[in-house]
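Everything on this sheet refers to the single structure shown next.
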Amino acid sequence: MPKVRVVFMLAILLVCVLAGGTIPVAAGPVERGFKVLKPIESGGLTLFPVVRSDGRSGPGNSFLTLDEGLKSGEVEVTEAGRALSLVRSRGGATSGYRGDQVNTLMLINHSKRPVLLLAGEIVTGGKQDRVIAKDRIVPADADPIDLSVFCIEHGRWTGASDSFDATAKTSARSFMVQPAVRQQAMVTKDQQQVWNSVSETISVMASASEPISSSRSVDGVSGSGGLRSGSEASLGTTSYAKAMQLGAVSVKVDEASAGLTESREKVLAMLKQEHAIGVVVAVRGEVIWADVFANTDLLDRYWTKLVRSYAAEVLSGAGRHEAATMEDAQRFLESPMEGVETSEGETGVYRYREVKTRATDEFALESLLPGVACDVHISRLKIKSGRGRVISY
């Protein structure tokens, strides 16, 4: 009887895995052979390049990024209410959605390449600006998929169009939400917490930025000629994306990232020469985040938007620590992940794993596609229980 029970449980486990279900398991240390190099700095931002100890680089060049797909028209993001017509136009099954929803968007990949989505990427437009909630891969020429998102523009539920753009299409620069907001989307997975983080971040940005010209108008609200500290109204918007595009904030972010973006080609040439595949991020001396990709090409393509998101964290951060060392960065990258692992995904396409510990969360997007079976992107972050208060190791 016990043997029958074991076989039955294993069968259930296998079905869940194949279906992309979420299964808690005990997770232990994982040896990946990463090591950090000497840091590159810009003001309060310090980045430690990450390389593989064996110098090798994994596959991953076949992916289309969200920005690339939206710019070319090969990828379409729309409110859920349009999903039915999108599916019918492709001859698929009808959608169960009856109207637009705050935490749901639909994405359709018209291209012949799989699309790579990263948690924290912003799409603007529709009835509200949204942020991608988790990493995932959308296969080539797929039917519309339910895109898990969070709103980062509290208060608006109107729009001239149901369609969305990447910020790179409507702005000179592409960006992601900064780590403080990204953490809420990835870890707490709670809309109210995301809104709270956006509101707090905009308020801090307002305090840290230069006064706005009275001639500037955002969302129909004219600038007051100065900033009212601690208030979203001082920037004239509740939208994280619009706040980041304001000259007052954008200039400050540019200053914080200047050493890493103004000489972008030089920095990236150095990273390519070193075969860097990611970075460990320290803000004001505190190691808080790591983004690691399958290869240097993906790091290159996401470089500017990632660096600007880190720089925004410098702008809205508080306090200063002792300068982070290579040992600090290496320790953060190698700290044992002995917590609880959950996973979800799509059979034959991707698996998305999360490992939670008391002080650190790690998220890994694994491609299951033929020819690109590897960890495409890994995020590791230090858990903060509140702005400026960190849970220690």
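Taking Asp146, is it at pLDDT 85 or above, more than 20 Å from Thr261 (Cβ to Cβ), surrounded by fewer than 24 Cβ atoms within 10 Å (Cβ to Cβ) and charged (D, E, K, R)? Here the answer is yes, as Asp146 does meet what is asked. Residue by residue through the stretch 278-300, note down the ones that are without any contact (Cβ under 8 Å) to a residue 60 or more places away in the chain and hydrophobic (A, V, I, L, M, F, W, C). Correct list: Leu299 only. With the requirement that a residue be free of Cβ contacts under 8 Å to residues at least 12 places away in the same chain and in a helix (DSSP H, G or I), what does the stretch 255-269 give you? Hits for the stretch 255-269 are Glu265, Lys266, Ala269.
Before we move on, is Trp303 surrounded by fewer than 20 Cβ atoms within 10 Å (Cβ to Cβ), in contact (Cβ under 8 Å) with a residue 24 or more places away in the chain and among the aromatic types (Phe, Trp, Tyr)?
Criteria met by Trp303.
Within the stretch 154-212, the residues that satisfy the criterion of being at pLDDT below 90, farther than 24 Å from Thr261 by Cβ and in contact with a strand residue (DSSP E or B) (Cβ under 7 Å, 6 or more places away or on another chain) are Gly159, Ser161, Asp162, Ser163, Phe164.
To keep it simple, each residue is scored yes or no on (1) at pLDDT below 85; (2) polar (S, T, N, Q); (3) surrounded by 20 or more Cβ atoms within 10 Å (Cβ to Cβ).
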site	(1), (2), (3)
Phe293	no, no, yes
Leu299	no, no, yes
Met326	no, no, no
Tyr352	no, no, yes
Thr357	yes, yes, no
Leu369	no, no, no
Val372	no, no, no
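The values are calculated or read from the model by the stated rules, or taken from the named source; none is laboratory data. Quick caveat, the model's predicted, so the values are computed rather than measured. With ideal geometry, Cβ positions are generated from the backbone for all residues, glycine too; neighbour counts draw on all protein chains shown.
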